[in-house]
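Quick notes on the structure that follows.
Quick note: the coordinates plus some simple rules give every number you see, no bench work behind them. None of the values given here were measured: they were computed from a predicted structure. Don't worry about glycine lacking a Cβ; one is built from the backbone with ideal geometry, like all the others, and counts go over all protein chains shown.
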Amino acid sequence: MIRKTLLSVALAAACSVPAYAISVDDISQLGNGLQVTYGVLDNTQDDWRTFRGEISFTNTSAKELPASGWAIYFSHIRMMKTLATPALKVTHINGDIFKLEPTAHFTPLKPGDTFHFEFDAGDWQVAKTDVMPNWYLVSEDAGQEVTALIASTSNKINGKVPVKPSEELPFVADFDSPEKWKRYGSNLITDYYDPFTAQNRFARNADLSVVENIRGVIPTPASITIGTDQVSLDSSWVVVFDNGYEEQAQYLANQLGLSTAAWSPQTQKIIHIGWGQIAIDGNNKWAEAYQLDVDSAAEIISIKAVDEAGAFYAAQTLLQLKDGQAIPAASVVDAPRFAYRGLSVDSSRNFRSKDSILQLLEQMATFKLNKLHLRLADDEGWRIEIAELPELTEVGANRCHDLTGTQCILPFLGAGPDGTTESNGYYTAQDYKEILRYANDLNIEVIPELDMPGHAHAAIKAMEARYTNLMAHGDIAGAEQYLLTDLEDKSDYLSVQMFKDNAMNVCMDSTYRFVDTVVANLVSLHQDIQPLKKFHFGGDEIAGAWKDSPICQDFIANNSDGINSVADLSRYFVERISTITANYDLNLGGWEDGLMNEGKVYPRAQLANTKVSGNAWQNIWEWGVADRAYNLANNGFDVVYNQASHMYFDHPYEPDPNERGYYWAPRFTDTRKTFGFMPDDLYANADFTRAGAPITKEQVIDAASVKSLTRPEKVIGLQGSLWAETVRTEEQFEGMVFPRLLGVAERAWHRAPWEADDLAKVVVDEEARKADYNHFANLVAQKVFPKMEAAGIAFNLPVPGATIKSGLLQVNSPFPGLAVEYSTDNGNSWTVVDLQAPPTVTSGVKVRSVSGERTSRVTTVR
């Protein structure tokens with residue numbers, strides 16, 4: 001019965017394509033000529049349960065859009081609920097994929113005509129990037145289903161993507177009223193956020209100022225003194241090294257264009273790298289610590305380090321101090337605050353190329369980050385080659401219009417009918433090994449994550465495709481070997497991202513056979529390059545799966561492992577994953593909600609791994625969930641602080657509809673906020689609810705079940721995260737990560753004297769924090785940005801602050817020293833603002849930040 005079901009379902013899906021009747025030529029013309037406009041009308045209509053939007057179709061082609069025989073497929077991140085027209089029907093397919101099709105009431109759309117309708121959808125949309133591109137038409141010609149991209153929703157020109165594609169989503173209307181950019185309704189919650197004006201930004205930056213001849217290093221060393229003298233490097237300098245430090249010496253020599261030697265030649269001009277004990281505040285440091293001395297008189301640079309990593313980080317400090325060929329006299333003693341200093345990259349929702357990851361690793365190393373948490377599987381994509389299971393990448397790494405799911409997964413997140421270079425792709429075994437080698441050279445550990453049992457739609461569909469193929473060839477045992485689906489499961493659920501089928505069935509042995517095979521492959525890929533230490537299983541956001549699975553019902557009724565209900569199955573899964581990974585001598589990582597259920601932490605003693613860590617992320621202050629990090633740590637789990645309020649880089653930089661990103665936790669997160677995070681007093685970071693109402697540490701503690709951290713030694717570090725639902729291009733990716741990642745690097749490496757400390761009962765010194773950020777921001781603008789520019793990193797350029805006082809244009813920036821331009825002719829020409837001689841302007845002048853050939857969003861000074 002089970003074997004027959006999936007095969008018949010797949011065949012039925014393949015045969016259920018509507019009998020459309022538009023020719024290939026006609027549908028292509030309609031795709032090129034159908035102008036779509038999408039607008040949000042009101043997010044406040046019923047206290048966040050729904051928002052009202054509108055869609056218009058204008059036929060600019062020479063072909064009529066007929067009364068029937070077509071459908072439009074599109075991605076929509078909110079549940080489309082009702083249409084205010086009887087002429088169209090909307091159907092939720094899966095995930096964010098919806099289908100619009102005409103009913104008997106639809107009248108053909110003739111050339112030049114427009115069809116307009118309103119709709120209600122769940123929750124809200126207050127940002128332009130909530131709307132996904134690449135809508136497409138579907139019809140049938142000669143018995144074959146055909147598709148046509150709707151060009152007006154795409155960045156393609158004449159069917160081709162330009163060399164530098166635009167991502168301005170021109171078919172999305174402006175958010176030009178409070179009803180469009182605010183959430184909720186006044187009866188329930190007040191949304192305090194409005195887009196910043198130029199004057200708002202000017203006031204926010206008022207405590208910042210340009211520091212001339214700024215000097216320093218990011219992240220800040222434990223102790224640093226920079227003198228006025230300097231040494232000048234030339235080809236006569238040699239990098240010499242003690243035994244065990246050859247690789248670090250060669251790395252530094254390559255960066256400086258120098259030679260290396262294993263002994264000191266007969267010259268004063270040497271950079272010596274060797275072992276040395278490092279003490280800070282009287283305490284010996286045993287990992288990643290170093291001492292750097294630049295003696296300008298003796299023309300000797302000395303690096304002492306407790307290990308190879310320390311020598312590597314000393315080199316990074318030296319390279320940051322270098323200005324041209326000059327290096328100032330300096331003395332630095334340094335060691336990291338945390339052993340774990342990371343970034344997690346979602347390469348599943350939209351794919352990050354191998355070259356992009358290699359470039360990212362370079363920047364991470366520059367700022368002494370040492371963990372790349374690489375999310376390689378999610379609902380929308382499987383991104384790592386597994387030799388025994390080629391379907392994972394053949395099907396799971398590609399998106400296209402295939403309702404059977406046997407050739408690809410559906411084109412989620414605006415991938416269009418044929419997918420895109422961002423939606424499709426994976427790391428071959430050789431790609432991944434190249435990433436590992438480069439990371440290893442840069443002292444960065446790669447931690448692979450394959451999210452399970454939830455967020456697993458891509459893997460599930462790939463294994464169903466495998467099952468269907470093998471069943472068609474009569475290989476029953478092979479078909480069932482890695483199946484992740486109970487084919488008789490009637491569970492009705494929707495994940496947060498609206499998937500109906502994204503949870504592996506945890507009651508089936510084939511699921512654990514699948515996991516074992518995948519983990520074994522990862523171990524093999526890492527072997528002899530960077531042996532795998534930790535497998536991250538994700539575990540987050542499991543929807544209401546399995547409740548109507550006959551296999552699970554039988555398992556619960558007959559097991560002897562203390563599984564009494566569906567609610568116990570997640571814990572059972574984690575224990576099984578723990579055993580599998582421990583058999584490979586691996587530690588285990590998961591997101592916080594993968595290690596607990598309904599606030600109850602799973603027993604640490606039941607997990608077989610030597611170390612189990614949780615990424616604590618969910619801390620919407622007013623929800624009473626900010627205590628999850630403390631709860632895990634107090635119960636014996638290692639904890640990585642990964643709080644969405646400060647370290648989720650998928651959030652916008654500003655509360656503006658034109659800023660990229662989701663906003664489900666804070667409305668926005670800028671670099672200053674990330675820089676200001678205080679790990680030693682987690683609740684002291686409380687600032688605002690997600691609606692913008694002030695909230696205090698005391699209010700958060702009152703709502704928390706766990707009031708304090710009793711095992712601070714279990715907090716092992718900090719991590720930033722970039723989720724990629726709205727991030728398609730490399731430029732977008734780099735802009736969302738940089739410069740915010742520098743704030744994570746600063747706090748993970750260096751404990752500032754202004755920080756609050758809950759155990760010591762020390763409160764934050766706000767004035768000292770402001771002064772420290774001013775120094776940091778000047779370094780970023782004047783030292784870091786130019787180097788990133790030279791490296792081709794498309795860091796985010798902030799919109800400047802501006803105001804007009806006595807007819808003079810005053811401007812500032814969250815990164816003092818960054819150039820600001822103004823225009824008095826509506827953007828036709830631009831001039832750099834001279835801060836010492838402000839120009840005379842009138843209301844309506846436009847301003848923008850500029851760096852090289854790149855510019856920020858434009859703001860108008862009213």
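Details
- Under-25-angstrom lysine pairs by C-alpha in segment 37-159, whenever the two are 8 or more apart or on separate chains: 15
- Local net charge near residue 606, Cβ-Cβ under 15 Å (Lys/Arg +1, Asp/Glu -1): +2
- Debye intensity ratio in log₁₀ form over the Cα atoms of segment 801-861, taken at each q of 0.12, 0.14, 0.15 Å⁻¹: -0.24, -0.32, -0.37
- The residues packed around residue 254, meaning those with a beta-carbon under 15 Å from its beta-carbon, carry a net charge of -3 if Lys and Arg are +1 and Asp and Glu are -1.
- The string of couplings for segment 227-236 from the Karplus curve (6.51, -1.76, 1.60, θ = phi - 60°) is x, 8, 7, 7, 10, 10, 6, 8, 5, 7 Hz, one whole number per residue in order, with x for Gly and Pro.
- Calculated from the alpha-carbon coordinates, the chain shows an Rg and a Dmax of 28.4, 92 Å respectively.
- Fraction of beta bridges assigned by DSSP in the chain that are antiparallel (%, nearest 5): 65
- Semi-axes of the equivalent ellipsoid of segment 401-476 are 30, 18, 12 Å, computed as sqrt(5λ) over the eigenvalues of the C-alpha gyration tensor in descending order.
- Residue 104 versus residue 176: modelled label distance in nm, points set 7 Å from Cα along the beta carbon direction: 4.1
- The alpha-carbon of residue 805 sits under 18 angstrom from the alpha-carbons of these lysines, leaving out residues fewer than 8 places away in its chain: 846.
- Integer Hz, Karplus 6.51/-1.76/1.60 couplings in order for segment 663-668, x for Gly and Pro: 7, 6, 9, x, 5, 7
- Sequence ranges 553-560, 93-100, ranked by mean other-Cβ count within 10 angstrom, highest first: 93-100, 553-560
- Relative to the longest principal axis of the Cα atoms of the chain, the long axis of helix 569-583 lies at roughly 50 degrees.
- Rg and Dmax of segment 596-723, based on Cα coordinates, read 14.8, 48 Å.
- Proximity of backbone amide H atoms, modeled 1.01 Å from N, is registered between residue 278 and 285 at under 5 Å, excluding neighbours fewer than 5 places apart on the same chain.
- Listed by chain and number, the lysines whose C-alpha is less than 17 Å from the C-alpha of residue 787, apart from same-chain residues fewer than 8 away, are 322, 368.
- Diagonalising the gyration tensor over the Cα atoms of segment 223-334 and scaling each eigenvalue by 5 before taking the square root yields semi-axes of 20, 17, 12 Å, largest first.
- Ordering of 227-233, 53-59 by burial proxy (mean other Cβ atoms within 10 Å per residue, highest first): 53-59, 227-233
- Straight-line cross-link partners of residue 490 among the lysines, defined as a Cα under 17 Å from its Cα and at least 8 positions apart when in the same chain: 4, 461, 500, 547.
- Other residues with beta-carbon under 14 Å from the beta-carbon of residue 57 carry, at +1 per Lys or Arg and -1 per Asp or Glu, a net charge of -3.
- Placing a pseudo-label 7 Å from each Cα along the Cα-to-Cβ vector at residue 854 and residue 558 gives an inter-label distance of 6.0 nm.
- Filter on 697/770; 285/761; 533/783 - keep pairs with C-alpha separation over 29 Å: 533/783
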